[in-house]
Amino acid sequence: MSDKTYPPSAELAASAHINSDTYDTMYAASISDPEAFWGEHGKRIDWIKPYTKVKNTSFAPGNVDIKWFEDGTLNVSANCIDRHLETRGNQTAIIFEPDDPKEQAQSISYADLHRRVCRMANILEELGVRKGDRVIIYMPMIPEAAYAMLACARIGAIHSIVFAGFSSDALGARVNGCDAKVVITADTAPRGGRKTALKSNVDAALLHCKDTVKCLVVKRTGDQTTWIDGRDFDYNEMAFEASDYCKPAEMNAEDPLFILYTSGSTGQPKGVVHTTGGYLVQAAMSHQYTFDYQEGDIYWCTADVGWVTGHSYIVYGPLANGATTLMFEGVPTYPDASRFWQVCEKHKVNQFYTAPTALRALMGQGNEFVERCDLSSLRILGTVGEPINPEAWNWYNDVVGGGRCPIVDTWWQTETGAHMMTPLPGAHATKPGAAMKPFFGVHPVVLDPQSGEIIECNDVEGVLCMADSWPSQMRTVWGDHERFEKTYFSDYKGYYFAGDGCRRDADGDYWITGRVDDVINVSGHRMGTAEVESALVAHASVAEAAVVGYPHDIKGQGIYCYVTLMNGVEPTDELRKELRTWVRTEIGPIASPDLIQWAPGLPKTRSGKIMRRILRKIAENDYGALGDTSTLAEPAVVDDLIENRMNKA
Ligand code: ATP
Ligand code: MG
């Protein structure tokens, strides 16, 4: 791991919302007296009826119960729209950049947003949706996806977004899982120059759902779709007729805002429930501080609204702050690998937030795609989703950020609702690959995996848990509170268990070492997968790598590496040998790979995360039981790896 640190510039430290002194004071206050801290910061959003109670939470086994601001009432859409109308009605709320760069971008002002969300809310009411009802959103990355979310919030319906890349089976299961009344979709969705037939996927899904479920169809391309009168409704036609005012419903802070399934990296996805008040407070606060969002900035998060990152950091956080947020319909490599950077140049993006998987893919394409664009508007760069290898971090820092832009490596989860650990750009020096510091109100502890005891000092490694609740914490698994308690609160009693391992270095800074399930134990030495993978990726011939353990007669577990080579590099036995020596010198003999399999592709979730549990099964020769593969992006990748399993040494 690199020991290099990158302190904030004096200029940024002076101008940022949070500098190191304010961080220290605020952080200490947030931990010593959460009631007082959140009682104060809860006021950053507008309440219809102000809360008098702040925190009422218990992690006690068998009695996990989490409530924040429990007697306050508010409306999320009024917070994201109405309260900005007076001061910034004409300011752009959403910039829409379509898949095809030749198609015109759109700017939606806060006043426009208000009208459109009100219309969509009225349409939903016309379709019979009431407070507490569930609505599935299965949409491309178009502004109507944000309208749909905000329209649900406006009338108190609970939305559940299903990523548009999911199949009709996955969609149907989720419609039934939450007993949804309406599915909002689009005719077809352009992405990377191809089209997904969303409406026909809905048609297929609804064959297996109650016949009372209605479908609201947004016209994106105008492509023909089958139509069932009485079940299918034309959004564009209805919006024309609908009133452009809808009164926001008064919601309790603890009313559910949305249900969202986790990515499915480690098993069957969990239906995470987030509520209204605490979620919005922390999403808004972290958006402002983590990205040092300043008035007038253009902010772009490349995630899809189908993931929690899209919920908190494309829609709810930015809009609650009155920001300008960019929605991008396309992919990083269409029409070519400079698309991200062209969009940054075109819209003069100030904050750019993406995932390591995208960075690794773009890094493999060469620097000229970045260098041909003017990226001088960029101020802050962010990453989320997986540990970022130092190699990719350095590339992001040097080539994309020109060495000027702090990188915020944000560790968090669908379950946590908002950033949990991240450097704050004006307050902390960053280190390539480190999530650094807890966010305000976040109380991490490192536990010994066996004994469950807290490890107090620095320069230690263990499992990452939370000692206390934070406002945007998930409240339950939809319809299965027992699974909630079992998954997060039963392994280490009295703590929230994140499922990830971490290291706290000698300076007290945090590094996420990967999933606890992925830890490898080689001859009694415990190793995170991230470390070995980062060493492999640091080799000039390696584009991407995934490492798992497999049963080994002598060592207990051996190290099995799946390696994707850079474009044009030949897989040879020489190179295998070289990679072994390389890892040995980078980390030490204990980490020396036992087996290296060339992998043209790696199995990933649809949000782009490596699914090591599947690679583990292949390494163990246990193809019969690959587990839940419903969130796997490209099943063919797995077949290929199984077929070529013998191509290793
Ligand atoms: P599932 O819970 O269904 O297995 P998942 O954990 O991938 O899927 P998400 O909630 O999308 O679902 O992802 C959260 C996880 O992503 C974290 O627990 C962590 O393992 C990883 N992660 C996210 N951000 C970072 C980061 N900055 N550094 C390291 N790991 C990260
Ligand atoms: Mg998870």
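Filtered by the rule that a residue be open to solvent by 50 Å² or more (accessible area, probe 1.4 Å) and either touching a Gly at 6+ places or on another chain (Cβ under 7 Å) or not in a loop (DSSP other than H, G, I, E, B) (or both), segment 209-232 gives a lone residue, LYS214. Among the conditions (1) in contact with a Phe, Trp or Tyr (Cβ under 7 Å, 6 or more places away or on another chain); (2) open to solvent by less than 20 Å² (accessible area, probe 1.4 Å); (3) of a type outside the set (S, T, N, Q), the only one that TYR495 does not satisfy is (2).
If you go through segment 597-635 and keep only what is among the aliphatic types (A, V, I, L, M), touching a residue at least 12 places away in the same chain (Cβ under 8 Å) and over 19 Å from SER523 (Cα atoms), you end up with ALA599, LEU602, ILE610, MET611, ILE614, LEU615, ILE618, LEU626, LEU632, ALA633.
Among the residues examined, GLY385 qualifies as within 16 Å of ligand 2 (Cβ to nearest atom) and on the phi > 0 side of the Ramachandran plot.
Residue by residue, here is whether (1) within 14 Å of ligand 1 (Cβ to nearest atom); (2) of a type outside the set (Asp, Glu) holds:
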| residue | (1), (2) |
| --- | --- |
| THR276 | no, yes |
| ALA283 | no, yes |
| ASP292 | no, no |
| ILE298 | no, yes |
| CYS301 | yes, yes |
| GLY306 | yes, yes |
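Residues that are open to solvent by 20 Å² or more (accessible area, probe 1.4 Å) and in a loop (DSSP other than H, G, I, E, B) within segment 60-85 comprise ALA60, PRO61, GLY62, ASN63, GLU70, ASP71, listed in sequence order. Checking GLY514, GLY433, GLY417, GLY452 one by one, the residue that is away from ligand 1 (no atom under 16 Å from the Cβ) and at positive phi is GLY452 and no other. Comparison of GLY89, GLY72, GLY39 shows that the only residue that is closer than 30 Å to GLU241 by Cβ and either in contact with a strand residue (DSSP E or B) (Cβ under 9 Å, 6 or more places away or on another chain) or in contact (Cβ under 8 Å) with a residue 60 or more places away in the chain (or both) is GLY89.
On the basis of being open to solvent by less than 20 Å² (accessible area, probe 1.4 Å), assigned to a strand (DSSP E or B) and not small (Gly, Ala, Ser), does ILE314 make the cut? Considered against the rule, which asks whether it is open to solvent by less than 20 Å² (accessible area, probe 1.4 Å), assigned to a strand (DSSP E or B) and not small (Gly, Ala, Ser), ILE314 comes out as no. Can you tell me how many residues in segment 8-56 are assigned to a strand (DSSP E or B) and buried (at least 19 other Cβ atoms within 10 Å of the Cβ)? Selection size over segment 8-56: 1. Report whether or not THR185 is farther than 21 Å from SER630 by Cα, assigned by the TED database to the domain that holds VAL129 and modelled with pLDDT of 95 or more. In short, no. Please work out if SER607 is within 29 Å of VAL162 (Cα to Cα) and not β-branched (Val, Ile, Thr). Judged against the criteria, SER607 is a match. Checked across segment 264-277, the condition of being out of contact with any Pro (no Cβ under 9 Å at 6 or more places or on another chain) and among the basic types (Lys, Arg) holds for at least one residue. When the criteria are applied in full, HIS443 meets the requirement of being closer than 24 Å to THR290 by Cα and surrounded by fewer than 19 Cβ atoms within 10 Å (Cβ to Cβ). Scanning segment 548-567 for residues that are part of a strand (DSSP E or B) and free of Cβ contacts under 8 Å to residues at least 40 places away in the same chain yields GLY556, GLN557, GLY558, ILE559, CYS561, VAL563, THR564, LEU565. When segment 267-278 is filtered for residues that are within 16 Å of ligand 2 (Cβ to nearest atom), part of a loop (DSSP other than H, G, I, E, B) and either touching a strand residue (DSSP E or B) at 6+ places or on another chain (Cβ under 6 Å) or at pLDDT 95 or above (or both), the ones remaining, listed by number, are PRO269, LYS270.
Just so you know, in segment 97-130 the residues that are outside any helix (DSSP H, G or I) and hydroxyl-bearing (Ser, Thr, Tyr) include one that is farthest from CYS344 (Cα to Cα), and it is SER109.
Of everything listed in (1) among the hydroxyl-bearing types (Ser, Thr, Tyr); (2) open to solvent by less than 40 Å² (accessible area, probe 1.4 Å); (3) within 16 Å of ligand 2 (Cβ to nearest atom), the single unmet condition for SER534 is (3). In segment 404-414, the residue that is least open to solvent (accessible area, probe 1.4 Å) out of those that are within 11 Å of ligand 1 (Cβ to nearest atom) and assigned to a loop (DSSP other than H, G, I, E, B) is THR410.
Within the set GLU578, GLU533, GLU544, GLU570, the sole residue that is part of a loop (DSSP other than H, G, I, E, B) and out of contact with any Asp or Glu (no Cβ under 7 Å at 6 or more places or on another chain) turns out to be GLU570.
Conditions tested, residue by residue: (1) more than 12 Å from ligand 1 (Cβ to nearest atom); (2) outside any loop (DSSP other than H, G, I, E, B); (3) surrounded by fewer than 20 Cβ atoms within 10 Å (Cβ to Cβ).
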{"residue": "VAL331", "(1), (2), (3)": "yes, no, yes"}
{"residue": "CYS344", "(1), (2), (3)": "yes, yes, no"}
{"residue": "LEU378", "(1), (2), (3)": "yes, no, no"}
{"residue": "GLU386", "(1), (2), (3)": "no, no, no"}
{"residue": "ASN394", "(1), (2), (3)": "yes, yes, yes"}
{"residue": "VAL399", "(1), (2), (3)": "yes, yes, yes"}
{"residue": "GLY402", "(1), (2), (3)": "yes, no, yes"}
{"residue": "HIS428", "(1), (2), (3)": "yes, no, no"}
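Test LEU260 against the criterion of being within 16 Å of ligand 2 (Cβ to nearest atom) and either modelled with pLDDT of 95 or more or in a loop (DSSP other than H, G, I, E, B) (or both), and give yes or no. Answer is yes for this residue.
The values are calculated or read from the model by the stated rules, or taken from the named source; none is laboratory data. Computed from a predicted structure; not experimentally measured. When we count neighbours, we look across all protein chains shown, and the Cβ atoms used for this are built from the backbone with ideal geometry, even at glycine. To get the accessible areas, we keep the full protein, side chains included, count just its heavy atoms, and leave off ligands, DNA and RNA. Shrake-Rupley method; radii C 1.70, N 1.55, O 1.52, S 1.80 Å.
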